[in-house]
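J.: Please read through the structure below; I'll follow up with questions.
The values are calculated or read from the model by the stated rules, or taken from the named source; none is laboratory data. Predicted model only: the values in this text are computed from it and were never measured. Counting neighbours? That spans all protein chains shown, and the Cβs are built from the backbone with ideal geometry, glycine included.
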Amino acid sequence: MLSVLIACHDCDLLQYKIALAPGSSARCVRCSATLYRRPRHRIDYPIAWAITAVALFIIANAFPVLSLQIQGRETSTTLLGAALTMQDQGMPLVAALVLGTTVIAPALGLVAMLYVLIPLRFGRLMPGFVALTRLLQTIAPWAMIEVFVLGLLVSLVKLQHLATVIPGIGLWAFIALMLTSVAATATYDPHLIWQHIADLDTADDIV
Amino acid sequence: MARQLGLVACHVCALVCHLTDPSRSAHCPRCAAKLHRRKPQSVARTWALLLTACVLYVPANWLPIMHTGSLFGAQSDTIISGIRYLWESGAYDLAVIVFIASIVVPLAKLIALSLLLISVQIHWTWQPLQRTRLYRALELVGKWSMLDIYVVALLATLVHFQAVASITVGSGAIAFGAVVVLTMLAALSFDPRLIWDTTETDG
């Protein structure tokens, strides 16, 4: 009954849901907001992308992103190192902002996504998955890997006037992480999760 | 409109639910989230966050975000003087990127959100589609203002060669970071459905 309807999140227009062809998305007829999508591939795809992203996340944070050479002396930094410097220079708020948007939010997002999706793939729901779905929604705007990557490139060009700059393994890992996180979120649609759960429920009813 | 039929979409799982008496609290039958017809106190909250961001916008641009010490003396840079330095040293593309991310985007957000709020408060019915598009654009570009914070953090970490050159963060970075966070929170607490509410009451 009501589950055949959808209300646009941007303009509240009530519309009937329609079945979509794989790879297409439904848009609001009045304000053209994207209402829901049907990804081309199964739930396996966001899981695969998210696992790749976790591996890249570890590499990106473990290795230096940039190194600088002046007169035979070299300094290098990881992302955590940059956040710690902010702390040391008496700017704990800036440190928290950098850490929160580039480490904590993306990491929480990936872990929450895998925690919800992997058991669902095998037809199970983990305890607390509703809270995690909501968490995913809340933190999504605060994960800023792509902005940090642009920040890395801007710093690289700025420092070239001053000294020899060497891009580190961390920089490349961050670029790859940016692409895989985008792929993970692009193939994942929260509406699909609820659809999946509804399908599981009806399957149980039949059995 | 869902509202006129006593229906509301759950903000977590998007299920359309009955909400006949909005004064009583109701929960989504599927995911148990609290149901709201519109984001609670959207206009008041957005104004509060926006005005705080406006106040902090002044120190964010006035105070230096970066101190540079080198053999040639000490220098303090605000956001604008940093951009001017980039431009004068010939890095035009970089200067334009930083100018857009640090000056244009925050300012555009402050102005556009104020316009949206005023348009909702005076029950404007003009061009709801364009105003919704404006809101979507704001949500999309908001985070890019964080660029300068990351750049300053990276420069301050890498450049510390005692006598030759060293960079430290200035207090403007706190104010600027606060402006970015506050404008993002303001955009998140604004409910675009309010734009459409006024267009439908007479229809």
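J.: Take the conditions closer than 23 Å to A:ALA33 by Cβ and either β-branched (Val, Ile, Thr) or within 14 Å of chain A (Cβ to nearest Cβ) (or both) and apply them to B:THR78. Does it pass?
T.: no
J.: Which condition from (1) in contact with a Ser or Thr (Cβ under 7 Å, 6 or more places away or on another chain); (2) within 29 Å of B:THR199 (Cα to Cα); (3) away from chain A (no Cβ under 13 Å) is the one that B:ALA44 breaks?
T.: Status for B:ALA44: all satisfied but (1).
J.: Check whether at least one residue in region B:115-128 is of a type in the set (Ser, Thr, Tyr) and part of a loop (DSSP other than H, G, I, E, B), and report yes or no.
T.: So far as region B:115-128 goes, yes, one or more of its residues are of a type in the set (Ser, Thr, Tyr) and part of a loop (DSSP other than H, G, I, E, B).
Yes/no matrix, rows are residues, columns are (1) closer than 29 Å to A:ARG124 by Cβ; (2) of a type in the set (Asp, Glu); (3) surrounded by fewer than 22 Cβ atoms within 10 Å (Cβ to Cβ):
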| site | (1), (2), (3) |
| --- | --- |
| A:ILE6 | yes, no, no |
| A:TYR16 | no, no, yes |
| A:ASN61 | no, no, yes |
| A:VAL94 | no, no, no |
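J.: Something else about it: Can you work out which of the residues in region A:133-167 that are surrounded by 18 or more Cβ atoms within 10 Å (Cβ to Cβ) and small (Gly, Ala, Ser) is nearest to B:VAL164 (Cα to Cα)?
T.: If we take residues in region A:133-167 being surrounded by 18 or more Cβ atoms within 10 Å (Cβ to Cβ) and small (Gly, Ala, Ser), then A:ALA163 is nearest to B:VAL164 (Cα to Cα).
J.: Which pairs do you get when a residue that is hydroxyl-bearing (Ser, Thr, Tyr), found in region B:129-151, comes within reach of a residue that is assigned to a helix (DSSP H, G or I) and crowded, with 22+ Cβ neighbours inside 10 Å, reach meaning Cβ atoms under 6 angstrom, with the pair 6+ apart or on two chains?
T.: Listed pairs, sorted by first residue: B:THR132/B:ILE195; B:SER145/B:ALA101; B:SER145/B:PRO106; B:SER145/B:VAL180; B:TYR150/A:PHE148; B:TYR150/A:GLY151.
J.: Can you find a residue in region A:102-109 that is in the same structural domain as A:HIS191 (by TED's automatic domain parsing) and within 17 Å of B:ALA156 (Cβ to Cβ)?
T.: Scanning region A:102-109, I find at least one residue that is in the same structural domain as A:HIS191 (by TED's automatic domain parsing) and within 17 Å of B:ALA156 (Cβ to Cβ), so the answer is yes.
J.: When region B:96-141 is examined, which residues are found to be of a type in the set (Gly, Ala, Ser) and closer than 18 Å to B:ALA48 by Cα?
T.: B:ALA108, B:ALA112, B:SER114, B:SER119
J.: With respect to B:LEU140, is the statement that it is surrounded by fewer than 19 Cβ atoms within 10 Å (Cβ to Cβ) and assigned to a helix (DSSP H, G or I) true?
T.: Yes; evaluated as a whole, the condition is true for this residue.
J.: Then there's this: For region A:128-137, check the following and say yes or no: at least one residue is in contact with a Cys (Cβ under 8 Å, 6 or more places away or on another chain), within 7 Å of chain B (Cβ to nearest Cβ) and of a type in the set (Ser, Thr, Tyr).
T.: Checked against the condition, which is being in contact with a Cys (Cβ under 8 Å, 6 or more places away or on another chain), within 7 Å of chain B (Cβ to nearest Cβ) and of a type in the set (Ser, Thr, Tyr), region A:128-137 yields at least one hit.
J.: Further question: For region B:1-101, give me every one of the strands (runs of 3 or more DSSP E) that falls completely inside it and has 1 or more residues that are exposed (fewer than 13 other Cβ atoms within 10 Å of the Cβ).
T.: B:73-77
J.: Something else about it: Looking at B:THR132 and the list (1) hydroxyl-bearing (Ser, Thr, Tyr); (2) more than 10 Å from chain A (Cβ to nearest Cβ); (3) over 30 Å from A:ILE70 (Cα atoms), which single condition is not satisfied?
T.: Answer for B:THR132: the failing condition is (2).
J.: Still on this structure: When residues of region B:98-152 are filtered for being touching a strand residue (DSSP E or B) at 6+ places or on another chain (Cβ under 7 Å) and more than 21 Å from A:LEU97 (Cα to Cα), how many remain?
T.: 0
J.: Name every residue in region A:68-80 that is surrounded by 18 or more Cβ atoms within 10 Å (Cβ to Cβ) and not aliphatic (A, V, I, L, M), in order of residue number.
T.: Selection gives A:THR77, A:THR78.
J.: Identify the single condition in (1) at the interface with another protein chain (Cβ under 10 Å from one of its Cβ atoms); (2) in contact with a strand residue (DSSP E or B) (Cβ under 7 Å, 6 or more places away or on another chain) that A:LEU150 does not satisfy, given that it satisfies every other one.
T.: Only one criterion in (1) at the interface with another protein chain (Cβ under 10 Å from one of its Cβ atoms); (2) in contact with a strand residue (DSSP E or B) (Cβ under 7 Å, 6 or more places away or on another chain) is unmet by A:LEU150, namely (2).
J.: I'm trying to understand the selection: among the residues of region A:18-33, which are surrounded by fewer than 19 Cβ atoms within 10 Å (Cβ to Cβ), modelled with pLDDT of 90 or more and of a type outside the set (Gly, Ala, Ser)?
T.: A:ARG27, A:VAL29, A:ARG30
J.: Count, please, the residues in region B:7-29 that happen to be more than 9 Å from chain A (Cβ to nearest Cβ) and free of Cβ contacts under 8 Å to residues at least 24 places away in the same chain.
T.: Residues in region B:7-29 being more than 9 Å from chain A (Cβ to nearest Cβ) and free of Cβ contacts under 8 Å to residues at least 24 places away in the same chain: 11 in total.
J.: Moving to a separate point now. Suppose we filter region A:101-133 for residues that are within 23 Å of A:ALA62 (Cα to Cα) and of a type outside the set (Ser, Thr, Tyr); how many remain?
T.: 12
J.: Show the residue pairs that are 6+ apart or on different chains and have beta-carbon atoms under 7 Å apart, the first residue being within region B:110-128 and within 13 Å of B:LEU50 (Cβ to Cβ), the second being of a type in the set (D, E, K, R).
T.: B:LEU116/B:ARG131
J.: While we're here: Could you pull out every one of the strands (runs of 3 or more DSSP E) wholly within region A:24-98 that has 1 or more residues that are in contact (Cβ under 8 Å) with a residue 60 or more places away in the chain and within 12 Å of chain B (Cβ to nearest Cβ)?
T.: In region A:24-98, A:34-38, A:66-70, A:73-77 are the strands (runs of 3 or more DSSP E) which contain 1 or more residues that are in contact (Cβ under 8 Å) with a residue 60 or more places away in the chain and within 12 Å of chain B (Cβ to nearest Cβ).
J.: To continue, here is another question. If you go through region A:168-180 one residue at a time, do you hit one that is surrounded by 14 or more Cβ atoms within 10 Å (Cβ to Cβ) and modelled with pLDDT under 90?
T.: no
J.: List pairs: first residue in region B:30-47 and closer than 11 Å to B:ASP191 by Cα, second residue β-branched (Val, Ile, Thr) and part of a helix (DSSP H, G or I) anywhere in the structure, Cβ distance under 8 angstrom, at least six positions apart or on different chains.
T.: B:VAL43/B:VAL120
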